[in-house]
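For reference, the structure is listed below as structure tokens.
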Amino acid sequence: MYVSQESQEQTYKRLMRVLADSQFVVYNTPYAFVESEVSKFPTELLTTALAFVRDEDVWSAFIPSENPAHEQFIVFGFHFVQGMDNSGFVGWLATHLKSKIGTGVMVICGQNSSRGGIFDYWGAPLSVANEVVKEINHLREQVTGASTS
């Protein structure tokens, strides 16, 4: 984890470069959270769940779901370049998407040492999926000058 002292402008430039250089993937299937009692881990979801999180009462599995009864999310992910300082990325991009589109986001992070370390899966409401992806691509294009997706 990086600790850096920099101005807002320096942070902005660094995180724009992090965004442009990261591997950005958008998943076609919507995802949703489903809950199970904490006393019974939902092993039947092991092969399909993107993540499991628990509190004192429930296991919450994040799974592909086209069930309209579930709150559905578009899911997109970032794998970062090894050795690049991505500190502050989640807060920065979440704030940008909130101010530009009006949406909140949820983020699940993991670690894959062979692919640059920390990676993020993001979720945004399905109702703003196209706007979110378009805005992320727009930001990436500002740095690279080329279309991405």
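Coordinate-derived values only; no laboratory data. Note that the structure is predicted; figures quoted are calculated from it, not measured. Note that each Cβ is placed from the backbone with ideal geometry, even for glycine, and that neighbours are counted across all protein chains shown.
Computed on the chain, the Cα convex hull volume stands at 138 Å³ per residue. Of all aspartates and glutamates in the structure, the ones whose alpha carbon falls short of 15 Å from that of residue 13, not counting any fewer than 8 places away in one chain, are 21, 85, 141.
By the rule of a C-alpha distance below 16 Å, with chain neighbours fewer than 8 residues away ignored, the lysines paired with residue 98 are 134.
Taking the DSSP beta bridges with both ends in the chain, the antiparallel portion is around 100 percent. Report, in debye and to the nearest 20, how large the dipole of the chain comes out about its Cα centre when Lys and Arg carry +1 and Asp and Glu carry -1 on their Cβ. Dipole of the chain, to the nearest 20 debye: 520 debye. Which residue fluctuates the most in the chain, going by a Gaussian network model with Cα springs under 10 Å, if the choices are 80, 41, 119? The residue with the greatest mean-square fluctuation here is 41.
With a cut-off of 15 Å on the backbone N, the residues of the stretch 70-88 near the modelled label site 7 Å out from residue 27 along Cα-Cβ are 71-79. For the options 98, 13, 40, a Gaussian network treatment of the chain with springs between C-alpha atoms closer than 10 Å singles out 40 as fluctuating the most. Here the stretch 1-46 is treated with +1 on each Lys and Arg Cβ and -1 on each Asp and Glu Cβ, and its dipole about the Cα centre works out to around 220 debye.
The Rg/Rh ratio of the stretch 74-149, with both radii computed over alpha carbons and Rh defined as the Kirkwood radius, is 0.96.
Return one number: the angle in degrees, 0 to 90 and rounded to the nearest 10, between the long axis of the Cα atoms of helix 89-101 and the longest principal axis of the Cα atoms of the chain. It works out to around 90 degrees.
Computed from the C-beta positions of residue 47 and residue 5, the FRET efficiency with R₀ = 41 Å rounds to 0.40. Rounded to whole numbers, the Karplus 3J(HN,Hα) couplings from phi for the stretch 63-77 are 10, x, 7, 10, 6, x, 6, 8, 6, 9, 10, 6, 10, 9, x Hz, using 6.51 cos²θ - 1.76 cosθ + 1.60 with θ = phi - 60°, and x at Gly and Pro.
Across the chain, Cα pairs under 8 Å and at least six residues apart give a relative contact order of 26 percent. Here the stretch 1-41 is treated as a Stokes sphere of Kirkwood radius computed over C-alpha pairs; at 4 °C and 1.567 mPa s its diffusion coefficient rounds to 89 µm²/s.
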